[in-house]
Amino acid sequence: MNRVRDPFNLHNLNRPGTTFAAINILRATATTAAVEIRDRAEKAAASAAQQAAELVEQAAERTRDAVGAVAEAAEAAAKEVERALDQAAFQSASSDLEHGVLFPSAAAEEPPEEEEEEKDTEQGDMAFSIPRHVPSFTDPARQAEDRLWAAATRQRVGPSSGGVLGGVQDKVGGFLNPDRRSLPMYKDKPYGYGPGGAGRPRPLLRKKRVLGFLTLVVLGLLWFTGIFDDHHERARAKLGDWRWLSSDTKARSKADWARRRERVVEAMELSWDAYERYAWGYDEFHPVSKTGRNMAPKGLGWIIIDSLDTLMIMNLTSRVTHAREWISKSLTWDQDQDVNTFETTIRMLGGLLSAYYLSTEYPHLAPITDDDVGAPGEDLYLEKARDLADRLMSAFDTPSGIPYASVNLGKFQGLPSHADNGASSTAEATTLQLEFKYLANLTGEKDFWDRSEKVMQVLDDNQAPDGLVPIYIQPSTGHFHTQNIRLGSRGDSYYEYLIKQYLQTKKAEPIYQDMWNDALHGIRKHLVTYTENSGFTIVGERPSGLEGHLSPKMDHLVCFLPGTIALAATEGLSEREARKKPGFWNKQREADMQLARELMQTCWGMYRYMATGLAAEITYFKIPSDPLPESSTHTSPPDSIFDTPSSSPDAPASWRKDFEVHQFDSHNLQRPETVESLFYMYRITGDVKYREWGWEMFKSFVNYTSVEDGGGFTSLSNANVIPPVTKDNMESFWMAETLKYFYLLFSPEDLLPLDKVVFNTEAHPLPVFEVGRLLKTGWERKPRTTAAGAA
Ligand code: DMJ
């Protein structure tokens, strides 16, 4: 069993079933201990401060002495080396003369500086595939930055780039200039690129280099003796410093939320830096074993591209620079590799399009110059997106227009699923539209629009009763396959993309709002019911179709629904604005907001139920044998119900009796759906409780999923035991979605406003845009002929 770091022994705080008596004894003991600890700590701190001051003084003294000695030694050594070089040059010249060779002219032996720079550049570039538009590498204004770039990036690729000396240089460079990672840099360069990276050293620089080299050696030796350890330790301590967890107090002001948001940025930095350190360029990251793995021979940029817009939104410029450099130099879609059509579309195509959108429309976020208007590399993200989309389009080459589950990227070939009789998941086939439609809008290529839109028509022609669709659909016929209906896996984002397609094109396509309204009506009628003890509202499943039984099971995935219902109810406005808008608010919208609130509470309960405070992948609910219809009168429980203590482990609080998690479903994959909904609910209702719930969730992630040695964060195999069992995997949606939604939840409301952007299902923000004459709805719904199923 892998233990998750618990530096402050917080894991035991939430242990369920602790009795009141035990709690009181613990409390009394803890108070006495705390007073004693505080007294001792105060004394220790005073004495440590005094010792530290003395040590600092001694170290400064030693440093002054050492630096003096270094300078003297370096000067003496430089003189020696210079003498030796002069001697060697003299001998070489004599030898040339002896062999009848004239002194070559300086011009013939040394190419002019510019020419040499250019040659170096070409050599450096050869190893990389350069996109059509890249910045000029020969601009003389870039030379100083080149050096900084070479120095700063060498450290990131590890010791191989510079051997021991390189490592020492990095340490020294970092010590002398701790800000260098945030220096302005050009991105489209291979590591180590820069003047002097290849070719013969120029004599004029020799002396300086010898001096520099010797200084570095001596400083390196000093470094090894530990003289700089103070700096080193501080850097390391910061990396996993989550002490604030134990001293957390209630947020009372905007500033407190800003501080909490900074904690999310720290988690993002920790996650990204761990990935960068241990698995850079790989598609998978295993943070416990600190390894990476590729999904394609040359990698797909799975984590880099999925995380890119989160880095941008958080303004982490140097990391964006590094990601962009990888995309520019290492990313190729031309690989003989089968990929999942949907996953590649929502994560890679969505990630690139969103990066393009943010870098063009929000240039102040993580500002870099290469994507500025007019810069030669300005369209890098769009070009990579376009190339990928051309390949993914082969998925739509099917008899019905319903896309195949997979695509071979290199062969431009769509492939039916190996399982499920060749059927595609319904959610997968119908969660491509936001991305392809935005691409059509950017490129003017109508085909992207038409092919993705066609899927909606083919699906709707099936006339699914009450708008609820089975979770498989056949590309060969365009008909549904099996009868299973659910809002969890394989069903979820079909519903999400209905309302989002309506919002994406500024409500110019009411057809998708119609489909959403039908579906939400169907959800209420066939899937919503209430739990037995406390009356929680849940969305169940109909595994055998609408005539079959209601299974009281909710995937964590279903928790996207409360946020999406709220988004649909107000169409991106705040609830206050929506209520005031003439002719807009009505009973239905009111009821939808109520349903959203109740489902949000249930999803929060799924977190509260677990020992770690992190929801399971699947939760079951206790419902009456004859499930109550959604329309029945019911009162949902107060939020304070979650604070009710259990009187003993055998007599859990009544609300807990409504929840059940099976051992096999107790994993937590760092999924985003609940915080995604909290984000929408806070934005729309303005109720701060949704922020507070999100903060509690965030703390649980930090407390129970962070990995030792700067490994970042991991999924859990069992989130219902303390300490939890780790899974050794960081899903790409942890950085793409979960951390992004936490950040947005704690951000001011005007950051990416909901009436200007629409988030794809992987949390990549895309703009709302207007349809024109070229791109507009090209189909109509057929009149309904099938009878709706019984409730
Ligand atoms: C993400 O890839 C997307 O949110 C998708 O729609 C569902 N599953 C994961 C996250 O849980």
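The values are calculated or read from the model by the stated rules, or taken from the named source; none is laboratory data. All of these numbers come straight from a predicted model, not from anything done at the bench. Ideal geometry is used to build each Cβ from the backbone, glycine not excepted, and the neighbour counts take in all protein chains shown. We work out accessible area using only protein heavy atoms, side chains counted, and drop any ligands, DNA or RNA first. Shrake-Rupley method; radii C 1.70, N 1.55, O 1.52, S 1.80 Å.
Structure above, values below:
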read-out: Distant alpha-carbon pairs in region 455-550 (separation over 17 angstrom), percent; value: 52
read-out: Where a label projected 7 Å from the Cα of Asp248 along Cα→Cβ would reach, residues of region 260-294 with amide N under 15 Å; value: 260-268
read-out: Space enclosed by the convex hull of the alpha-carbon atoms of region 501-550, per residue, Å³; value: 93
read-out: Protection-proxy order for peptides 697-710, 642-655, each taking the mean of Cβ atoms within 10 Å per residue, highest first; value: 697-710, 642-655
read-out: Ranked by how many other beta carbons lie within 10 Å on average, peptides 260-266, 543-549, 572-578 from highest; value: 260-266, 572-578, 543-549
read-out: 19 Å Cα-Cα threshold exceeded, pairs from Lys454/Lys500; Lys507/Lys756; Lys384/Lys506; Lys581/Lys776; value: Lys384/Lys506; Lys581/Lys776
read-out: Amide H partners (placed H, <5 Å) of Tyr472, local residues excluded; value: Thr426, His481
read-out: Cα point-scatterer Debye curve for region 588-716, base-10 log of I(q)/I(0) at q = 0.10, 0.12, 0.15 Å⁻¹; value: -0.37, -0.54, -0.83
read-out: 13 Å beta-carbon shell around Leu349, net charge (K/R +1, D/E -1); value: -3
read-out: Accessible surface, region 357-467, averaged per residue in Å² (probe 1.4 Å); value: 34
read-out: Calculated on alpha-carbon atoms, Rg and Dmax of region 638-791 in Å; value: 20.7, 67
read-out: Sequence ranges 623-635, 713-725, ranked by mean other-Cβ count within 10 angstrom, highest first; value: 713-725, 623-635
